[in-house]
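Reading through the structure tokens given below for one structure.
The values are calculated or read from the model by the stated rules, or taken from the named source; none is laboratory data. Computed from a predicted model, the values in this text were never measured in an experiment. A quick note on method: Cβ atoms are made from the backbone with ideal geometry, for glycine too, and the neighbour counts reach across all protein chains shown.
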2 protein chains.
Amino acid sequence: MEWAIGVDGGGTHTRAAIVDTTGVVRGVRIGDGGNFQRIGATGLQDLLGQLLPPLLALAEPNAVSLCLALAGVGRETEQRQIAAMVERGGWTGTVRVESDARAALEGAHAGAPGLIVTAGTGSMVLGRNDRDNMVRAGGWGPLLGDEGSGYYMGLQALRAVTRCLDGSGADTALVAALAAELGLEDWDQLVPEVYGGKIDHGRIAALGPAVSNVADCGDAVALHIVDSAGAALAGQVVAVAQRLGMAESVNLSCLGGVFAEGSLLETALMKAIALQINDLRLRPAHLPAVLGAVLLAWGRDGDLPSEEQLARLRKSRLQGL
Amino acid sequence: MEWAIGVDGGGTHTRAAIVDTTGVVRGVRIGDGGNFQRIGATGLQDLLGQLLPPLLALAEPNAVSLCLALAGVGRETEQRQIAAMVERGGWTGTVRVESDARAALEGAHAGAPGLIVTAGTGSMVLGRNDRDNMVRAGGWGPLLGDEGSGYYMGLQALRAVTRCLDGSGADTALVAALAAELGLEDWDQLVPEVYGGKIDHGRIAALGPAVSNVADCGDAVALHIVDSAGAALAGQVVAVAQRLGMAESVNLSCLGGVFAEGSLLETALMKAIALQINDLRLRPAHLPAVLGAVLLAWGRDGDLPSEEQLARLRKSRLQGL
């Protein structure tokens, strides 16, 4: 097992960590967003130029395995192009390029088969079985899907408010809560601010926690939004499990800011899954995605980490990773 | 009753018609889109500069009443500003500025109380009672509402396709129908084409008829989309009727391209309304919106059209208005 660097490039931040042969995290760097669709080849080169040299300076003069796990890199052709670019840039060790979700999955189950459901700004379900088949559901983006994401819950809540204002929907405490959250004095401001871009994708996604709070207080409309989001994500989990031949027994981790904000969505999700899968084991993620990327870097060489190495990686939690 | 010009400024076309004192349409002009939010004050002046002089040349040298009914002009302050602008431009007769939906409502019921539900690219419900109260529901735009619009049905259908592809939703003939409609060889193209803007708002809205066709063939997923759209619009109709004190008896006209494409949405709508309103009278629109604007121009002077005048206006249908 070589030294390895894992890189987890998300929408707003990129984390990079270097791990020695025994599984000890020797250094961590945090940089700007690493979504390849947004920053492109030049942006990625700049980002790696900032993140990697200080980490490499910590390594012994061995070859280092690298795994770049980046948002916006779902297709194999892109992954190969990025790997070739890094090799042209003078990288001498092995290079593996994956999606950030793949690294999150690897980290969540410490390399074992299982599923993740992520719900942050967007949402998706990803799973892998013991024959190394990968299956995805969701992740179609804000217009075409993203059920259960912060954006989905925020938008559903705004729609519920408009129906309430029209008199065609039930009364809901969301009206007051979202007006406060958005700083609106009058709901007449909603249409110009949404279509004028002042209330943009990010601000709608940030309404997710407020929706959860209102649901926590027992508001029926907000509860329905959370329940339907949980049911939609559950449908994706069950579909992925079936396609992977794991319809009876599933290890699942729930990741992302919407779950962290409160357990209501998780409860709704688990309830809906339990109707269709007998043996559902909900597990907190073993390792963060950046260390999932380290596992993927090692895996490229055919090695599997030992229990001792995993135990040392897990201690990195204490270092705030 | 004076000569009057009605102008119906929609998203893609603007129609203008001049009507003499007896109710005979003496001339019609068609120009570019008249959505005030898009074309602004300068664009509107250009548009009126093209449309009005040829019509005024047909009028006897009397004062002519004008009603501009424009998309994107919902607020009274805007309406006053536009009227003042036209008067500064040298218009000597009366000027009234309204939303295009207001003119559609006036035309649909020939000035009598009633409701309209429009479903084209967008959707909304508008009604007026015999005390001249106006109430609206829906019309919140593509992100916040527009249930039952072509865009809504197209987007719901695309979401149903993604769920079917994921295995988390039922099989549906929409997969083949929409791929053909969008010219997609592979659904992997969907995400880049939607978020890259190639499949834009207009192209999604244009999927409405295809969804209706698939529903007509008995596809359960497409039928559910149409039924839920009808139920959502029905909720708006009932809410408007209640707020207008017409909860027992309603005159309703269904307008817009989605209704014209087939009667399935209308059937779903009527079925859902009938559960809540006893005396529902579905009526085809008496007059097009541009002649609704003529009625509004006349109404500004406090006059009501006679039966003879209305009968002559109605004959304009034969002239393709």
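Below are the figures for this structure:
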read-out: B:Leu165 more than 16 Å from the chain's Cα centre (by Cα), closer than 30 Å to A:Val161 by Cβ and in the same structural domain as B:Leu264 (by TED's automatic domain parsing); value: no
read-out: Failed condition for A:Pro142, given (1) of a type outside the set (Gly, Ala, Ser); (2) modelled with pLDDT of 95 or more; (3) under 30 Å from A:Ser253 (Cβ atoms); value: (2)
read-out: Residue among B:Pro61, B:Pro54 that alone is over 23 Å from the mean Cα position of the chain (by Cα), modelled with pLDDT of 90 or more and more than 14 Å from chain A (Cβ to nearest Cβ); value: B:Pro54
read-out: Any hit, region A:263-272, residues being surrounded by 17 or more Cβ atoms within 10 Å (Cβ to Cβ), within 21 Å of B:Ala170 (Cα to Cα) and in contact with a strand residue (DSSP E or B) (Cβ under 8 Å, 6 or more places away or on another chain); value: yes
read-out: Close pairs (7 angstrom Cβ cut-off, 6 or more residues apart or separate chains): free of Cβ contacts under 8 Å to residues at least 60 places away in the same chain and closer than 11 Å to A:Arg29 by Cβ in region A:42-56, of a type in the set (A, V, I, L, M, F, W, C) and in a helix (DSSP H, G or I) anywhere; value: A:Leu47/A:Ile39
read-out: Pick from region B:198-230, criterion of a type in the set (A, V, I, L, M, F, W, C) and touching a residue at least 60 places away in the same chain (Cβ under 8 Å), ranking: farthest from B:Leu264 (Cα to Cα); value: B:Ala205
read-out: Check on A:Ala57, surrounded by fewer than 19 Cβ atoms within 10 Å (Cβ to Cβ), hydrophobic (A, V, I, L, M, F, W, C) and over 30 Å from A:Val125 (Cβ atoms); value: yes
read-out: Number of the exception - A:Arg102 against (1) surrounded by 14 or more Cβ atoms within 10 Å (Cβ to Cβ); (2) in contact with an Asp or Glu (Cβ under 7 Å, 6 or more places away or on another chain); value: (2)
read-out: Residue that is part of a helix (DSSP H, G or I), over 24 Å from A:Gly122 (Cα atoms) and modelled with pLDDT under 90, where the choices are A:Leu295, A:Leu318, A:Leu304, A:Leu313; value: A:Leu318
read-out: Any hit, region A:82-90, residues being touching a residue at least 24 places away in the same chain (Cβ under 8 Å), outside the structural domain of A:Ser65 (by TED's automatic domain parsing) and farther than 25 Å from A:Met1 by Cβ; value: no
read-out: Looking only at region A:274-292, and only at residues there that are crowded, with 24+ Cβ neighbours inside 10 Å and assigned to a helix (DSSP H, G or I), the one that is nearest to the chain's Cα centre (by Cα); value: A:Ala289
read-out: Residues of region B:222-254 that turn out to be within 14 Å of another protein chain (Cβ to nearest Cβ), in a helix (DSSP H, G or I) and either closer than 18 Å to A:Arg159 by Cβ or aliphatic (A, V, I, L, M) (or both), as a count; value: 14
read-out: Among the residues listed as A:Ser249, A:Ser253, A:Ser212, the single one being at pLDDT below 95 and closer than 28 Å to B:Cys164 by Cα; value: A:Ser249
read-out: Test: residue in region B:141-153 that is within 17 Å of B:Glu98 (Cα to Cα) and more than 12 Å from chain A (Cβ to nearest Cβ); value: no
read-out: Qualifying position, being among the acidic types (Asp, Glu) and modelled with pLDDT under 90, among B:Glu261, B:Glu181; value: B:Glu261
read-out: Subset of region B:195-221 (residues that are under 19 Å from the mean Cα position of the chain (by Cα), assigned to a helix (DSSP H, G or I) and among the hydrophobic types (A, V, I, L, M, F, W, C)); value: B:Ile204, B:Ala205
read-out: Those strands (runs of 3 or more DSSP E) lying entirely in region A:1-81 with at least 1 residues among the hydroxyl-bearing types (Ser, Thr, Tyr); value: A:13-19, A:64-70
read-out: Residue count, region B:1-34 (criterion: polar (S, T, N, Q) and crowded, with 20+ Cβ neighbours inside 10 Å); value: 1
read-out: Those residues of region A:10-29 which are modelled with pLDDT of 95 or more and within 17 Å of the chain's Cα centre (by Cα), in sequence order; value: A:Thr14, A:Arg15, A:Ala16
read-out: Single match in A:Arg159, A:Arg163 (criterion: out of contact with any Leu (no Cβ under 9 Å at 6 or more places or on another chain) and under 12 Å from B:Gly145 (Cα atoms)); value: A:Arg163
read-out: Residue within region A:185-194 that is in contact with a helix residue (DSSP H, G or I) (Cβ under 9 Å, 6 or more places away or on another chain), more than 13 Å from chain B (Cβ to nearest Cβ) and under 26 Å from B:Glu78 (Cα atoms) present; value: yes
read-out: Every pair of residues 6+ apart whose Cβ atoms lie under 9 Å, when the first sits in region B:273-287 and is closer than 18 Å to B:Ser316 by Cα while the second is basic (Lys, Arg); value: B:His286/B:Arg314; B:Leu287/B:Arg314; B:Leu287/B:Arg317
